[in-house]
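All remarks here apply to the structure that follows.
The values are calculated or read from the model by the stated rules, or taken from the named source; none is laboratory data. Fair warning: this is a prediction, and the values are worked out from it, not measured in the lab. Cβ placement follows ideal geometry from the backbone for every residue including glycine, while neighbour counts extend to all protein chains displayed.
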Amino acid sequence: MTQVPVTKDQLALLEKRLRTINEVMTTKAAIAQTPKELVWTLNKAKLYRYIPVVPQQNRHPVPLLLVFALMNRPYILDLRPGHSFVEFMVSRGYDVFLLDWGVPGPEDKSLKFDDYTLEYMPRAIRKLKAITGAEEFSMLGWCIGAILTTIYSALRPDDGLRNLILLTAPLDFSNQQGLTFARWANEKYFDVDKVLAAFGNMPGEMIDYGAKALKPVENYIGNYLKLWDNLDNPQVVASWHSMNTWVTDNIPLAGGAFRQLVVDLYRNDRLMKGELMIRGQRVDLSRLRANLLTVIAEGDHITPPCQSESILSKVGSSDKELFRVPGGHIGIMAGSGAHKRTWPHIESWLGERSS
Amino acid sequence: MTEEQARSSKPFDPLEPFRGMRDAYLDAMAKAMVEAVNTEGYAQATGAMLDNTLTVSAPFREAMEKSMLQVLEQLSLPSRQDVIALAERFSNLEMRLDDIDAKLDRIEKQRHSAQSVVQAEPAMKANSSSKAKPASGVKTKTPAAPKRAAPAKQARARHRTARKGSR
């Protein structure tokens, strides 16, 4: 007889859990909450400036530009209040700008690294300098954003770039056996021209499948079990919700840039060999002279550490550092431990070089 | 809280008794799958699947595009290609506007700095003469003053040239 109320309670709790699952799976979390203003646009690209919270006299005089990958939304850098790299850096007195590449449409299918690094980035940086009045700036590139910032820094070494931070940067493609993506993108199995002839741009869903298929059990099963196991922990649920909002917000990659990524980088490793041509100009990494911090995620399955290590021996910078962090491709910056390890290290490294 | 109450407050989880077993199984499965997707066989199979899908769908896609183009022409509506061409032209225009905007900003900045030099000049003259009088009562030449006017003149000249250029 006493079992009846217990069962009722348990059913009520089960119902509550199912409601929570339904909510986090079907709604979008409140993300990218740090106040910002739009200061520049070009085609789909937007440059945001985060509203400073530190008085000007206490701020670092060298502004910081964040450049994220082309095929994901950049708000992973400003995921949610209390768990936002942008919020952290703004509170430490940095003048933070974010370059959002936007969503490429069919008209952008021919956009290449050439356009992003020689048309968009120089103009965005010109605007940043005009707004801040600073002659020098720092830049942080993450994933494909790190490829773009590296190319830009090597092509325009006299543009005032003082500090360059590369996060999980896929730059070295020489270890073909160690790169699953390189195996999949092999010309024997993958016809990049056929795919782009059909779609124009590389669809976001295909990119998402590629990233998830590297660890299928973790991404398609483990991720949801983690939510189920922690449904009674509001912090974990909120974190899962915001991350799921970002992960499911896929955008296509411009066809021209995707072809370069596959043919020039994954198949031929042209950047490291010094053979990558951008608008007829060879990308010579020894011309990159900015202070360099390369952050490597030790458990990164998307950009294995071997892809980011060798850049240090190729650049012309005299001040360079390699920083290893335990964690995955996204986790090192957006995971629960990021504010204890990655962010403080980046902040202290940059702080010493931003006065 | 009694043990029974604690048990009743804990949410019902049908997977609870199997959790340890489940985790061990998933770990093994995850390792096996990571190895599987990293093989030539997997790359070949997914590549072939994608290639077949694209080959099969290509004729349908092309036929659909052709018929859609004809329909749009009949209705005097722009096709996707027309819109794309327009969008590309807009992007080029945007770039040129951005460059013009930056040039105007630079000119404005130069004009402001030139103006501030011109405004500062009489004040400096007045300052230097008022300071000089009580000290010695002798008029002193200030050769720096005409030299300081030169950048302002140059800035104004540059401004005029830039304006002519933009016309």
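Overview of results
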| quantity | calculated |
| --- | --- |
| Helices (runs of 4 or more DSSP H) contained in the range B:1-91 and holding at least 3 residues over 42 Å from the mean Cα position of the chain (by Cα) and either at pLDDT below 95 or within 8 Å of chain A (Cβ to nearest Cβ) (or both) | B:3-9, B:19-37 |
| Qualifying residues in the range A:295-345 (those that are part of a strand (DSSP E or B) and within 15 Å of the chain's Cα centre (by Cα)) - the one farthest from the other protein chains (Cβ to nearest Cβ) | A:VAL295 |
| Among residues of the range A:292-316, those that are buried (at least 20 other Cβ atoms within 10 Å of the Cβ) and either in contact with a Lys or Arg (Cβ under 7 Å, 6 or more places away or on another chain) or over 17 Å from A:PHE181 (Cβ atoms) (or both), counted | 7 |
| Residue list for the range A:201-222, filter: facing another protein chain (nearest Cβ under 9 Å) and free of Cβ contacts under 8 Å to residues at least 60 places away in the same chain | A:MET206, A:ALA213, A:PRO216, A:VAL217, A:GLU218, A:ILE221, A:GLY222 |
| Residue count for the range A:168-200, restricted to those that are more than 8 Å from chain B (Cβ to nearest Cβ), among the hydroxyl-bearing types (Ser, Thr, Tyr) and buried (at least 19 other Cβ atoms within 10 Å of the Cβ) | 1 |
| Unmet criterion (only one of (1) buried (at least 17 other Cβ atoms within 10 Å of the Cβ); (2) under 18 Å from A:PHE113 (Cβ atoms)) for A:ASN268 | (1) |
| Condition met for B:LYS103 (under 25 Å from A:PRO122 (Cα atoms) and either at pLDDT 50 or above or within 12 Å of chain A (Cβ to nearest Cβ) (or both)) | yes |
| Residues of the range A:224-243 classified as within 11 Å of another protein chain (Cβ to nearest Cβ) and polar (S, T, N, Q), total | 0 |
| Any pair with Cβ under 8 angstrom, 6 or more apart, that starts in the range A:267-281 at a residue that is of a type in the set (D, E, K, R) and ends at one that is assigned to a helix (DSSP H, G or I) | A:ARG267/A:ALA182; A:ARG270/A:ASP264; A:ARG279/A:ASP114; A:ARG279/A:LEU118 |
| Qualifying residue in the range A:154-163 (condition: within 13 Å of chain B (Cβ to nearest Cβ), not basic (Lys, Arg) and not in a helix (DSSP H, G or I)) | no |
| Cβ-Cβ under 7 Å pairs, at least 6 apart or on other chains, the range A:48-70 side in contact (Cβ under 8 Å) with a residue 40 or more places away in the chain, far side outside any strand (DSSP E or B) and among the basic types (Lys, Arg) | A:PRO52/A:ARG59 |
| Residues (in contact (Cβ under 8 Å) with a residue 40 or more places away in the chain, surrounded by fewer than 21 Cβ atoms within 10 Å (Cβ to Cβ) and assigned to a helix (DSSP H, G or I)) located in the range A:130-147 | A:ILE131, A:THR132 |
| Conditions (1) under 26 Å from A:THR180 (Cα atoms); (2) touching a Ser or Thr at 6+ places or on another chain (Cβ under 9 Å); number of the one not met by A:PRO326 | (2) |
| Sole residue being within 14 Å of chain B (Cβ to nearest Cβ), of a type in the set (Gly, Ala, Ser) and in contact with a Gly (Cβ under 7 Å, 6 or more places away or on another chain), chosen from A:ALA45, A:ALA12 | A:ALA45 |
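Residues are listed down the side, and each one gets a yes or a no for (1) under 18 Å from the mean Cα position of the chain (by Cα); (2) closer than 27 Å to A:PHE137 by Cα; (3) surrounded by fewer than 20 Cβ atoms within 10 Å (Cβ to Cβ); (4) polar (S, T, N, Q):
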{"site": "A:GLN235", "(1), (2), (3), (4)": "no, no, yes, yes"}
{"site": "A:SER242", "(1), (2), (3), (4)": "yes, no, no, yes"}
{"site": "A:ASP249", "(1), (2), (3), (4)": "yes, no, yes, no"}
{"site": "A:PRO252", "(1), (2), (3), (4)": "yes, no, no, no"}
{"site": "A:ARG279", "(1), (2), (3), (4)": "no, yes, yes, no"}
{"site": "A:SER286", "(1), (2), (3), (4)": "no, yes, yes, yes"}
{"site": "A:ARG289", "(1), (2), (3), (4)": "no, yes, yes, no"}
